[in-house]
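Student: One structure follows; several queries about it will come next.
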Amino acid sequence: FKDERQGPTGSFKDRQATVAISALVEMGIDEVVVASTGNVAIAYAAYGARAGIKVWAFFPRLTPNDKMREAALYGAEVIKTTGNYDQTKILAAQFARAKGVFLDKGIKSVAAIEAMKTMSYEIAEQLGRYLGHGNRWYVPDWFLQGVSGGMGPIGVGKGFREMYDAGLIDKMPAFGIIQSTGCAPMVEAFNRGQRVATPVEKSKTIIATLATGDPGRAYELIYDYVQDYGGHFISATDEEAFQAIRLLAQTDGISVEPATGVTFAGLFKLVQQGIIKPDDVVVVNVSGHTLPVEKTILGEHWQKLVDLSDTQETVALPPEESLVEAIDTVDKQNKQIVVIEDNEAAARLMSRILESRDDCEVHLAHNGKAGLDLIRMISPDMVITDLMMPGVDGFQVIEQMKADSALAHIPIIVVTAKELTVKEKAQIDGKIDMLLQKGSFLDDSFVENLIEKLR
């Protein structure tokens, strides 16, 4: 692990900021505009505060509020847009021109590439010591990074090339470039054998830091590197990234940002496909820390509540059986299933599990009101609902269904991460057909068993 979480603001963008802000000081510039999905703006704001440089930070709509608040804490002027990252960059450039303020061009600036280059020097020096080669610098077989715009690998590649030309190292590492499946223009172009990437018009990933739809010339530079020295481009879904984050946290005590989660999910795939060999030395850029800003990883209802206000006898509830067994209770060739879940990642995963069967058609709703409208419209064979949702929650969905004679017969499965209180258990007692804990079916072993049963 190249642990980039240890910088002052917790990400590898601290490298970029310290060189870029130092260059601005040398140039006599006291105001800068930057477009960012979070880490760059935070780093620039912190270093700008120390150097006396005002930072105008433009953020796309998916940027976590906590990241924007941190930039504001350092004194940055925060502007949140309703567009994606590419649109936000255009707006930031227009603002800089209109106001006559210096625009940080990110990957197009000399400072950014030179800053990222330092990582390769540290890797060679530190890896040599770590592997017992003393003062001799050593290069890994692979360098892996989750990529949006591509600045990191371009800078790292430049550093390794300089060391190779100077005779400090005897080989160049292969690059593992991983993108989110929801926004993977580089991966798609590589799979087509194209040196020029076709821009992704609409990003579908919820990982804002990896939502660059148009990588431009950056992809061409990385593509050329892979052609010359080896490597591979691969994508991983948001769900796979979040699973990787949980795995790292729960097995190694390392908490990483979603971009790094995508990197590790890609690493697992490259190993499984035999592209990375068992004896290869692999360095992963652990590009940043995750908590507390990334709430999608655990969801909103990760804590357990112990209610001591009422000690009455516990109401019996249906056993916590598997999702597949629940579906098999519906005796019908083509089963219409409504899933009501406000966490979009969990909803997609449930939908994917259910639709892996040939006899299930899944309809999604992301809140209770929309779910009830959908239920009344299609009269499904089964309803799967979360309990804790804004507005009309799962308890109200259950009450309204049971109060409606046209809907009362429909089986209801509750899927929740919440530890139910005595009162809540009494509220749904006798009204639902099954209770499932979220974690019990979202883990890897359950999914594998589920797929096996569905065959």
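The values are calculated or read from the model by the stated rules, or taken from the named source; none is laboratory data. All values derive from a computational prediction rather than experimental measurement. All Cβ positions, glycine included, derive from the backbone under ideal geometry; neighbour counts span all protein chains shown.
Student: Which members of region 8-26 meet the condition of being free of Cβ contacts under 8 Å to residues at least 40 places away in the same chain and touching a strand residue (DSSP E or B) at 6+ places or on another chain (Cβ under 9 Å)?
Tutor: The answer is I21, and nothing else.
Student: Would you say D66 is of a type in the set (D, E), closer than 25 Å to A124 by Cβ and either in contact with a Lys or Arg (Cβ under 8 Å, 6 or more places away or on another chain) or not in a loop (DSSP other than H, G, I, E, B) (or both)?
Tutor: No; evaluated as a whole, the condition is false for this residue.
Student: Is it true that V78 is farther than 24 Å from T260 by Cβ, touching an Asp or Glu at 6+ places or on another chain (Cβ under 6 Å) and in a strand (DSSP E or B)?
Tutor: So V78 fails the test.
Student: Next question. Which one is nearest to the chain's Cα centre (by Cα) among residues in region 365-392 that are acidic (D, E) and buried (at least 18 other Cβ atoms within 10 Å of the Cβ)?
Tutor: D386
Student: Another question, then. Do you know which residues across region 242-285 are of a type outside the set (A, V, I, L, M, F, W, C) and either part of a loop (DSSP other than H, G, I, E, B) or touching a Lys or Arg at 6+ places or on another chain (Cβ under 6 Å) (or both)?
Tutor: The answer is G253, S255, E257, Q273, G274, K277, P278, D279, D280, N285.
Student: Can you list the strands (runs of 3 or more DSSP E) lying wholly within region 333-425 that have 3 or more residues being in the same structural domain as T205 (by TED's automatic domain parsing)? Talk me through it step by step, then tell me what you get.
Tutor: Details: elements: 335-340, 360-365, 382-385, 412-416.
Passing ranges: none, list empty.
Student: Scan (1) closer than 18 Å to R15 by Cβ; (2) in contact with a strand residue (DSSP E or B) (Cβ under 8 Å, 6 or more places away or on another chain); (3) free of Cβ contacts under 8 Å to residues at least 24 places away in the same chain for the single condition R97 breaks and write down its number.
Tutor: Here R97 meets the rest and fails (1).
Student: Has region 100-107 got at least one residue that is farther than 27 Å from M27 by Cα, surrounded by fewer than 20 Cβ atoms within 10 Å (Cβ to Cβ) and over 29 Å from the mean Cα position of the chain (by Cα)?
Tutor: Scanning region 100-107 turns up no residue that is farther than 27 Å from M27 by Cα, surrounded by fewer than 20 Cβ atoms within 10 Å (Cβ to Cβ) and over 29 Å from the mean Cα position of the chain (by Cα).
Student: For region 1-30, enumerate the residues that are of a type in the set (K, R) and part of a strand (DSSP E or B).
Tutor: We begin by selecting, within region 1-30, every residue of a type in the set (K, R); these are 2, 5, 13, 15.
K2, the sole residue that qualifies.
Student: So if I check each of Q250, Q227, Q243, Q272, which one is closer than 22 Å to E4 by Cβ and out of contact with any helix residue (DSSP H, G or I) (no Cβ under 9 Å at 6 or more places or on another chain)?
Tutor: Answer to the check: Q250.
Student: Pick out, from region 143-238, the helices (runs of 4 or more DSSP H) lying fully within it that include 1 or more residues that are closer than 27 Å to I42 by Cα and of a type in the set (V, I, T).
Tutor: Ranges flagged: 151-165, 217-229.
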